[in-house]
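Trainee: The structure's right below; bear with me while I get my questions together.
The values are calculated or read from the model by the stated rules, or taken from the named source; none is laboratory data. Given the structure is predicted, the values throughout are model-derived calculations rather than measurements. Counting neighbours? That spans all protein chains shown, and the Cβs are built from the backbone with ideal geometry, glycine included.
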Amino acid sequence: MIFDNILLKAQKSITGWNEEDLKIKFIGPVLELGQMYDDDNVVGYFDKTISGIVEGIKLTVKSDFMPAKGILDVFRNPYFHFQEYKPNKNPSDDSMAQLIEAFLIAQVKNNNNKPLYGVEIIGKQWSFVTFEERSYCVSSTFDCTKKGDLLTIIAVLRKFRKILYEKLMD
């Protein structure tokens with residue numbers, strides 16, 4: 001029922017939503033269906049600024065959503081970054097560059113050689129990204145207004161949760 005409702009809302013209205021509409025009306029429910037909820041080991045942080053020194057350069061970026069090890073409003077180990085939640089591509093901001101910047105900061109904070117994961121969301125288009133060492137790989141783009149693609153998005157989020165608990169957590 002929830003899946004059908006958010007899919008229908010997205011199909012009807014996603015092109016007219018602003019960033020807040022996109023977050024509240026669609027991404028929030030997708031996160032819940034994708035099992036990206038808080039538990040005793042992981043907290044989901046929204047609009048969290050993260051910073052770190054990477055190769056002598058101070059980097060700072062705001063992660064739109066970041067599951068991480070932490071307590072209350074203090075995170076320690078970021079594992080996944082959602083970047084941008086924009087209704088459309090903005091030529092003055094490079095959301096993929098912001099995502100890569102978040103990965104670089106997370107590598108410093110986590111201080112391990114484990115891969116990082118994320119997603120760039122531009123309106124109805126979702127692209128998943130993996131980052132290891134200094135290399136990244138971007139998936140095919142998924143259109144969240146298509147039922148099959150939305151099911152795949154949710155499945156990828158659930159798979160990440162499994163990877164998180166089996167391979168990433170110390």
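Trainee: Which one is modelled with the lowest pLDDT, of the residues in segment 92-137 that are more than 19 Å from TRP17 (Cβ to Cβ) and of a type in the set (D, E, K, R)?
Mentor: Step one: filter segment 92-137 for residues more than 19 Å from TRP17 (Cβ to Cβ), giving 92, 94, 96-118, 128-137.
Restricting the remaining residues to those that are of a type in the set (D, E, K, R) gives 94, 101, 109, 114, 132-134.
Working: ASP94: 84, GLU101: 94, LYS109: 92, LYS114: 94, GLU132: 95, GLU133: 91, ARG134: 91.
Top of the filtered list is ASP94.
Trainee: Test SER140 against the stated conditions and say whether it is modelled with pLDDT of 95 or more and either within 16 Å of GLY34 (Cα to Cα) or part of a loop (DSSP other than H, G, I, E, B) (or both).
Mentor: On the way: modelled with pLDDT of 95 or more: yes; either within 16 Å of GLY34 (Cα to Cα) or part of a loop (DSSP other than H, G, I, E, B) (or both): no.
So SER140 does not fit the description; no.
Trainee: Pairs, please: C-beta under 8 Å, at least 6 apart or cross-chain, first residue within 9 Å of PRO78 (Cα to Cα) and assigned to a helix (DSSP H, G or I) and in segment 99-112, second of a type in the set (D, E, K, R) and at pLDDT below 95?
Mentor: What qualifies is LYS109/ARG76.
Trainee: I need every pair where a residue in segment 20-43 that is of a type in the set (Gly, Ala, Ser) has its Cβ under 9 Å from the Cβ of a residue that is modelled with pLDDT of 90 or more, sequence separation at least 6 or different chains.
Mentor: These pairs meet every condition: GLY34/ILE153; GLY34/ILE154; GLY34/ALA155; GLY34/VAL156; GLY34/LEU157; GLY34/ARG158; GLY34/PHE160; GLY34/ARG161.
Trainee: Still on this model: Consider only pairs whose beta carbons are under 8 Å apart and that are at least six residues apart or on different chains; among these, list those whose first residue lies in segment 137-165 and is under 13 Å from LEU7 (Cα atoms) and whose second residue is among the small types (Gly, Ala, Ser) and surrounded by 17 or more Cβ atoms within 10 Å (Cβ to Cβ).
Mentor: CYS144/ALA10; THR145/ALA10; LEU150/ALA10; ILE153/GLY34; ILE154/GLY34
Trainee: Would you confirm, using the coordinates I've provided, whether LEU72 is on the phi > 0 side of the Ramachandran plot and hydrophobic (A, V, I, L, M, F, W, C)? Show your work before the answer.
Mentor: Working: on the phi > 0 side of the Ramachandran plot: yes; hydrophobic (A, V, I, L, M, F, W, C): yes.
Yes; evaluated as a whole, the condition is true for this residue.
Trainee: Next up: Here are some residues: GLY34, GLY44, GLY16. Which one is closer than 23 Å to GLY123 by Cβ and touching a Leu at 6+ places or on another chain (Cβ under 6 Å)? Please lay out each step first, then the result.
Mentor: Numbers: GLY44 fails: touching a Leu at 6+ places or on another chain (Cβ under 6 Å); GLY16 fails: touching a Leu at 6+ places or on another chain (Cβ under 6 Å).
The conditions single out GLY34.
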